[in-house]
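Structure first, then comments.
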Amino acid sequence: MKAGISSGEFLAKFDNSTMAPNAYALIKRLFPICRSITGDGIRASLNLLRDIIPLEIHEVPTGTQVFDWTVPKEWNIRDAYIKDNTGRRIVDFRDNNLHVLNYSIPVHRKMRLAELTPRLFTLPDHPDWIPYRTSYYQENWGFCLSHNQLERLNRDEEYEVCIDTDLEDGSLTYGEYFITGATKKEMLISCHSCHPSLCNDNLSGMAVSAFLAQALGAMSLRYSYRFIWIPGTIGSITWLALNEACLPDIKHGLVLSCLGDTGPFHYKRSRHGNAEIDRAVEHTFRHHAPNSEMLDFSPYGYDERQYGSPGINLPVGCFMRTPNGQYPEYHTSADDLNFVTIASLDGSLTQLLRVIQVLEENKRYINLNPKCEPQLGRRGLYRQVGGLKDIASGQMAILWILNLSDGKHDLLDIANQSGMPFHQIAEAASLLCASELLEVRNGLRPAEC
Ligand code: ZN
């Protein structure tokens, strides 16, 4: 039997002592796998997620037309190296899968440094770090290495370069997990799952999504929840092209990424700018995350730009800690297991659960006694709400709800206008409903409001 939600108890139902450590342990298992936008790496990763939740794994064949794009050939890699003239591997894919330009075509030949150099990528400002580079839609090959490694290469030496890959017809793989709620209106939670050994971007998103899905799957919920783990860009385009029939039911959505670093939360608004999801995140930031920041929508970044393209136009924002590109470790080997922390994953999970709690409980009510204030004392509602120290705020919550429950304002509006935290408004609303002074707006069953 699934547990129901009652106001104020939502967060208490989650076992924070195990969720974040388990999310970190999952990141550790996913870290060594060489993922890409297609291939066995993403397949193996989704299979590991199946230890947490019974997600479905979908395969979309190469060549499938998805809006203006085509599902690409499938890429798989067995090995890659640069050997010196003694046969020693001086750059070795087995040490770090970032060493290969992701989606490199196969190559095996000998060449001198001058010829090899244009195909080598380094970060001179961080000479110990390996950059992460890709070439998905233009056939190419190359190596990424630390600048220190590059400086040890010798101009006169002949090197053996080998990239043992396949780029062949196959499929694009993505994972999907659907939780049926009381209504078919749903929340979409999407994260890109195509990066190789990079922890914050985006193993943190993959793991947080998996444990959020596991937690929500054990509850009785108002909304349905759809989680998707997809390759960036081509994955969201593919999913949207193949699932257009689902789109009218998506009422809220979040793209999750970069949730394990120690920076403050950032939220990029949906294209709508002030959708319910945008207001819910803003509210929880104001009350629970003092250094967080709201960012305006822009058609760049992660898959929110596909969900927010004009012909799709879903209310999907992007929830992060430090945004992509704004930390030096981004897209480098320094985004490793030391860069993400259990405490940050824990904070991200808790904050996301707060947002979901607001969405689950946010409804529009009408005051059934709108002509002047009702007599609260007679109903045991005058200075009776909450513990002693909460009496005054509980009283104010009641007055705000009665005043603004004219069918035009939802509880989130009331929380924002009163400056009070949502859970306090929601608790007072249930008391008023029990006293028959308030009811969910006419014409809709409570679950649909
Ligand atoms: Zn990235």
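Which condition number does S17 fail, the rest of (1) outside the structural domain of Y302 (by TED's automatic domain parsing); (2) surrounded by fewer than 19 Cβ atoms within 10 Å (Cβ to Cβ); (3) in a helix (DSSP H, G or I) being met?
(1)
List the number of the failed condition for I312; all other conditions in (1) open to solvent by less than 40 Å² (accessible area, probe 1.4 Å); (2) within 16 Å of the ligand (Cβ to nearest atom); (3) over 25 Å from A415 (Cα atoms) hold.
Of everything listed in (1) open to solvent by less than 40 Å² (accessible area, probe 1.4 Å); (2) within 16 Å of the ligand (Cβ to nearest atom); (3) over 25 Å from A415 (Cα atoms), I312 misses just condition (2).
Out of region 235-268, which residues are in contact with a Pro (Cβ under 7 Å, 6 or more places away or on another chain) and farther than 23 Å from Y24 by Cβ?
Correct list: H252, G253.
Looking for something at pLDDT 95 or above and in contact with a Cys (Cβ under 9 Å, 6 or more places away or on another chain) - is there at least one such residue anywhere in region 278-291? Spell out the reasoning first.
Within region 278-291, the subset at pLDDT 95 or above is 278-289, 291.
Restricting the remaining residues to those that are in contact with a Cys (Cβ under 9 Å, 6 or more places away or on another chain) gives none.
The answer is no, given that none of the residues of region 278-291 is at pLDDT 95 or above and in contact with a Cys (Cβ under 9 Å, 6 or more places away or on another chain).
Could we say that V255 is within 29 Å of N338 (Cβ to Cβ), assigned by TED's automatic domain parsing to the domain that holds L203 and within 16 Å of the ligand (Cβ to nearest atom) here? Please lay out each step first, then the result.
Values: within 29 Å of N338 (Cβ to Cβ): yes; assigned by TED's automatic domain parsing to the domain that holds L203: yes; within 16 Å of the ligand (Cβ to nearest atom): yes.
When the stated conditions are applied, V255 passes them.
Being over 26 Å from the mean Cα position of the chain (by Cα) and over 17 Å from S135 (Cβ atoms) narrows it down to one residue among R94, R43, R50; which is it?
Values: R43 fails: over 26 Å from the mean Cα position of the chain (by Cα); R50 fails: over 26 Å from the mean Cα position of the chain (by Cα).
Going through R94, R43, R50 in turn, the sole match is R94.
Checking the conditions here, which among H287, H283, H331 is within 16 Å of the ligand (Cβ to nearest atom) and either in contact (Cβ under 8 Å) with a residue 12 or more places away in the chain or not aromatic (F, W, Y) (or both)? Full working, then the answer.
Numbers: H287 fails: within 16 Å of the ligand (Cβ to nearest atom); H283 fails: within 16 Å of the ligand (Cβ to nearest atom).
Unique residue meeting the criteria: H331.
Would you please name the residue that is nearest to D201 (Cα to Cα), looking only at residues in region 227-245 that are among the hydroxyl-bearing types (S, T, Y) and within 14 Å of the ligand (Cβ to nearest atom)?
So, considering only residues that are among the hydroxyl-bearing types (S, T, Y) and within 14 Å of the ligand (Cβ to nearest atom), the one nearest to D201 (Cα to Cα) is T233.
Taking region 97-110 on its own, how many of its residues are within 34 Å of the chain's Cα centre (by Cα) and either part of a loop (DSSP other than H, G, I, E, B) or over 26 Å from F31 (Cβ atoms) (or both)? Before you say what the answer is, go through the steps one by one.
Here is the first cut: in region 97-110, the ones within 34 Å of the chain's Cα centre (by Cα) are 97-106.
Those still in the list that are either part of a loop (DSSP other than H, G, I, E, B) or over 26 Å from F31 (Cβ atoms) (or both) too: 101, 103-106.
The number of residues fulfilling the criteria is 5.
Taking region 315-328 on its own, how many of its residues are more than 14 Å from the ligand (Cβ to nearest atom) and open to solvent by less than 10 Å² (accessible area, probe 1.4 Å)?
Number of matching residues: 3.
Would you check which residues across region 234-266 are out of contact with any helix residue (DSSP H, G or I) (no Cβ under 7 Å at 6 or more places or on another chain) and not aliphatic (A, V, I, L, M) and list them?
G235, T238, W239, N243, E244, C246, P248, D249, K251, G263, P264, H266
Pairs under 9 Å by beta carbon, first residue not assigned by TED's automatic domain parsing to the domain that holds S257 in region 191-208, partner modelled with pLDDT of 95 or more and more than 10 Å from the ligand (Cβ to nearest atom), six or more apart or different chains?
The qualifying pairs do not exist here.
The values are calculated or read from the model by the stated rules, or taken from the named source; none is laboratory data. Note that the structure is a prediction, hence the values are computed from the model and not measured. Cβ sites come from the backbone with ideal geometry, for glycine too, and all protein chains shown count toward neighbours. Heavy atoms of the whole protein, side chains included, go into the accessibility calculation; ligands, DNA and RNA do not. Shrake-Rupley method; radii C 1.70, N 1.55, O 1.52, S 1.80 Å.
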